Amino acid sequence: MGVALVVFVAAVDPYGLRAAPGHPPGPIMDANQRLSYPQIARGGPFDAAVFGTSTARLLDPQALDAAFGVRFANLAVNAATPDEQARLAALFLARRPVRAVLLGLDASWCAADPPARTAHAFPDWLYADRAPGDVLRQVSLRAVTTAVRIGLADLGLAQARIRGDGYAVFTPPEAHYDLVRAQAHIRAGAVDSSAAEPPDAPMPALDRLDDLLGRVPVEALKIVAFMPVHAAAQGSPGSAVGLREEACKARAAMIGTRHGAVVVDFRRISPLTTRDANYWDALHYRLPVAARIVSDLASAVATGRDDPDGVYRVLAHP
C-alpha cells in the first residue's frame with residue numbers, strides 16, 4: 001500500500017516537481033500558496049510575475065497582460081516575508097527568460113528587523129533544485145488528497161483551487177460587502193504609532209530588493225510599487241511612522257533608479273486610501289481598486305508622471 005501511494009503521488013506530481021517552461025503544472029488544487037506557487041514559478045508560459053503579499057494578490061494577471069503586453073503570473077503570497085518573496089522570485093527568474101517583474105511592497109520591507117519566516121511552514125525543498133528524495137518528501141496525507149483532487153479535475157469533476165497563473169480572489173464576494181463591518185475592521189487595523197522605528201534605523205530587506213532587481217535582465221520592465229493600504233494603516237505625514245515610511249520610499253527610489261526600475265508610491269494619504277468604501281479592512285482593497293491599480297501602473301510606466309488626483313507618485317523612472 002505504501003509503495004502504491006508513493007507511485008501514485010509521483011505520477012500525479014501534485015506540487016509540480018517536474019514543472020518547467022515546456023512542461024506546465026497540472027491543475028492547482030492545494031490552496032496553500034507556499035506549496036503551490038513553486039510549480040508555477042518553474043513551469044507555464046509566463047515571462048513576467050507579480051511578487052508581494054496579499055496587498056498585491058488581487059492584481060489580475062490577465063489585466064496586467066493587456067496593459068504591458070507580456071504573460072504575467074501572480075505569485076504574491078499572503079503574509080509572505082521579504083525573504084520568502086525573494087526566494088520565490090529567484091526561483092522564477094532562474095527558470096525562464098523574463099520580460100517584466102512587478103514587486104508589490106508593504107511595511108515589512110521597511111522594518112528594522114523583518115522576520116525571515118512567518119508562522120506558516122515554508123517548504124524550503126520546493127524552492128531548491130530537485131533532489132532524488134523529493135518524491136518521498138512530498139508524500140503525505142495532504143499530498144495524496146491533493147493528487148486525488150487533481151485527478152478529479154482532470155476528469156472534469158472538480159475545479160482548480162487557484163487559477164493556473166496563480167490568481168485567486170481571496171476576499172469575500174463583492175455582493176456581500178458591508179461598509180459598517182469594513183469600517184470596524186479598518187479601525188481595528190489602524191497603525192500603532194508608539195511602535196515606530198527611527199527613520200535612520202536599518203532596513204535590511206531593501207538590500208534584498210537591491211539584489212533581486214540586480215538579477216532581473218537589464219532589458220526587462222521592472223516595477224516596484226508601494227501598495228495602497230488604507231490611510232489608517234499608514235503613518236500620517238510628519239509622524240514618526242510617516243517619517244520612517246518616507247525614508248524607506250526614498251531608499252527604494254534610489255535602488256530603483258540604480259536598476260532602471262519604475263518605482264510607484266500608492267501607499268500615501270490620497271482620495272483612494274481615505275475612502276473607507278474602497279477597503280475590506282485596513283490592508284485589503286476591493287476588486288475595482290485592483291483594476292484601477294493596474295491601469296494606474298500602466299500610466300505611470302508610460303508617462304513617468306504623478307497622478308493628477310494624488311493617488312500615486314512616481315518616485316523613480318528610467
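The values are calculated or read from the model by the stated rules, or taken from the named source; none is laboratory data. Because the structure is predicted, anything quoted here is derived from the model rather than measured. FYI the Cβ positions are ideal-geometry reconstructions off the backbone, even for glycines, and counts take in every protein chain you see. Only protein heavy atoms, including side chains, enter the accessible area calculation; ligands, DNA and RNA are left aside. Shrake-Rupley method; radii C 1.70, N 1.55, O 1.52, S 1.80 Å.
List of remarks:
- Residue match in the range 259-274 (condition: at pLDDT 95 or above, crowded, with 17+ Cβ neighbours inside 10 Å, among the hydrophobic types (A, V, I, L, M, F, W, C) and in a helix (DSSP H, G or I)): no
- Residues located in the range 233-244, provided they are in a helix (DSSP H, G or I) and out of contact with any Ser or Thr (no Cβ under 9 Å at 6 or more places or on another chain): L243, R244
- Members of the range 278-300 that are surrounded by fewer than 17 Cβ atoms within 10 Å (Cβ to Cβ), hydrophobic (A, V, I, L, M, F, W, C) and within 27 Å of D178 (Cβ to Cβ): L287, A291
- Residue among D60, D65, D113 that alone is open to solvent by 30 Å² or more (accessible area, probe 1.4 Å), closer than 29 Å to R244 by Cβ and among the acidic types (D, E): D113
- Only listed residue being exposed (fewer than 15 other Cβ atoms within 10 Å of the Cβ) and farther than 24 Å from Y312 by Cα, chosen from R149, R187, R142, R163: R142
- Count of the range 179-194 residues which are among the charged types (D, E, K, R) and touching a helix residue (DSSP H, G or I) at 6+ places or on another chain (Cβ under 8 Å): 1
- Residue that is surrounded by the fewest Cβ atoms within 10 Å (Cβ to Cβ), among those in the range 301-315 that are without any contact (Cβ under 8 Å) to a residue 24 or more places away in the chain and not acidic (D, E): P308
- With respect to the conditions (1) under 23 Å from the mean Cα position of the chain (by Cα); (2) surrounded by 18 or more Cβ atoms within 10 Å (Cβ to Cβ); (3) among the β-branched types (V, I, T), V241 lacks only one, and its number is (1).
- All told, L102 falls short of being within 12 Å of the chain's Cα centre (by Cα), free of Cβ contacts under 8 Å to residues at least 60 places away in the same chain, under 22 Å from V262 (Cα atoms) and crowded, with 22+ Cβ neighbours inside 10 Å.
- Restricting A121, A175 to those that are out of contact with any Pro (no Cβ under 8 Å at 6 or more places or on another chain), among the aliphatic types (A, V, I, L, M), loosely packed, with under 14 Cβ neighbours inside 10 Å and touching a residue at least 12 places away in the same chain (Cβ under 8 Å) reduces the list to A121.
- Considered as a group, the residues in the range 86-99 that are out of contact with any helix residue (DSSP H, G or I) (no Cβ under 8 Å at 6 or more places or on another chain) and in contact (Cβ under 8 Å) with a residue 24 or more places away in the chain include one that is farthest from D296 (Cα to Cα), and that residue is R96.
- Here is the figure for the range 287-318: residues that are in contact with a helix residue (DSSP H, G or I) (Cβ under 6 Å, 6 or more places away or on another chain) and not in a helix (DSSP H, G or I) total 4.
- Taking the range 200-221 as the range and being under 11 Å from V101 (Cβ atoms) and surrounded by fewer than 22 Cβ atoms within 10 Å (Cβ to Cβ) as the test, the residues that pass are L213, R215, V216, P217, A220, L221.
- Taken as a whole, the structure leaves S299 outside the set of residues that are among the small types (G, A, S), closer than 15 Å to F226 by Cβ and at pLDDT 95 or above.
- Residue, surrounded by the fewest Cβ atoms within 10 Å (Cβ to Cβ), within the range 68-96, restricted to residues that are farther than 20 Å from R215 by Cα and not small (G, A, S): N78
- Filtered residues of the range 221-260 (kept if over 20 Å from V311 (Cβ atoms) and in contact with a strand residue (DSSP E or B) (Cβ under 7 Å, 6 or more places away or on another chain)): L221, K222, T257, H259, G260
This table checks each residue for (1) in a helix (DSSP H, G or I); (2) without any contact (Cβ under 8 Å) to a residue 40 or more places away in the chain; (3) closer than 13 Å to P25 by Cα.
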{"position": "R149", "(1), (2), (3)": "yes, no, no"}
{"position": "L157", "(1), (2), (3)": "no, yes, no"}
{"position": "A160", "(1), (2), (3)": "no, no, yes"}
{"position": "D165", "(1), (2), (3)": "no, no, yes"}
{"position": "T171", "(1), (2), (3)": "no, no, no"}
{"position": "Q183", "(1), (2), (3)": "yes, no, no"}
{"position": "I186", "(1), (2), (3)": "yes, no, no"}
